[in-house]
Amino acid sequence: MDRLDVALTDSFVDVIAERLDVVIRMGTINDDRLIVRKLGMMERRLAATPDYLDRMGRPRRPEDLAEHDYLLYAHVTTRDIVPLTGPGGEKAEVRIRPTMCSNNSLLNQQALLSGIGIGLGHKVILDPLVAQERLEYVLPDWHYAPHHVHAVYPSNRFIPLKVRRFVAGFAEHLAAMGAFIDDKKACTSKETAPAW
């Protein structure tokens, strides 16, 4: 049986130079050397621990985020600007005050759970933590742009059957978890970086 070698990293890797069969990448991809298969779109939300919000107050409008400690994921291309869309489609862009910036999504999640500040996460990961009351959604009526999830292949290489099966199984798993949202509900994301 063929072995499937898997490497996990938040860093962008050059699919061609690294001789990788497939990379799962989030955001918009503009590289004509690659074959890109869209798997779906994942919703993202802001969250914090109830303890943090009890101490620091619950933001009632996007502008309130400027007064809070924020956990910034280094690969988010908007950097210290948080772009949000309201329930009526209204837009807000808030400059936040990063308390911590990390290029590792797992570290950001642990900092969020430690009550250090408000952070951004994928709803499919946050939902169980909110249900357990370990986290609470911040500005729940306001939405961050969703992430496109893609399988990316080098265009000049044959795609092995095991890789195609892996991608199909991974997409089915995410869909079964309820990770993907309907494209019709989604607004366009210009980010090209992964985020947890």
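The values are calculated or read from the model by the stated rules, or taken from the named source; none is laboratory data. All values derive from a computational prediction rather than experimental measurement. A quick note on method: Cβ atoms are made from the backbone with ideal geometry, for glycine too, and the neighbour counts reach across all protein chains shown. The accessibility values were calculated without ligands, DNA or RNA, using every heavy atom of the protein model including side chains. Shrake-Rupley method; radii C 1.70, N 1.55, O 1.52, S 1.80 Å.
Give the number of residues within region 62-78 that are open to solvent by 30 Å² or more (accessible area, probe 1.4 Å) and under 14 Å from Ala145 (Cα atoms). Quick ask: steps written out before the conclusion?
Start the filter on region 62-78 by keeping residues that are open to solvent by 30 Å² or more (accessible area, probe 1.4 Å), which leaves 63-64, 66-67, 69, 74-75, 77-78.
From what is left, the residues that are under 14 Å from Ala145 (Cα atoms) are 77-78.
Counting residues in region 62-78 that are open to solvent by 30 Å² or more (accessible area, probe 1.4 Å) and under 14 Å from Ala145 (Cα atoms) gives 2.
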Q.
Looking only at residues that are in a loop (DSSP other than H, G, I, E, B) and touching a strand residue (DSSP E or B) at 6+ places or on another chain (Cβ under 9 Å) in region 52-74, which one is modelled with the lowest pLDDT?
A. Ala74
Q. For region 79-100, how many residues are charged (D, E, K, R) and closer than 21 Å to Ala111 by Cβ?
A. 4
**Q.** Residue that is nearest to the chain's Cα centre (by Cα) [pool: residues in region 79-101 that are assigned to a loop (DSSP other than H, G, I, E, B) and surrounded by 11 or more Cβ atoms within 10 Å (Cβ to Cβ)]
**A.** Arg79
Q) Name the residues in region 11-52 that are on the phi > 0 side of the Ramachandran plot and either open to solvent by 50 Å² or more (accessible area, probe 1.4 Å) or over 13 Å from the mean Cα position of the chain (by Cα) (or both), would you? A) Arg19
Q) Scanning for something open to solvent by 40 Å² or more (accessible area, probe 1.4 Å) and at pLDDT below 95, does region 125-139 turn up at least one residue? A) yes
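Does region 110-119 contain at least one residue that is hydroxyl-bearing (Ser, Thr, Tyr) and outside any loop (DSSP other than H, G, I, E, B)?
No.
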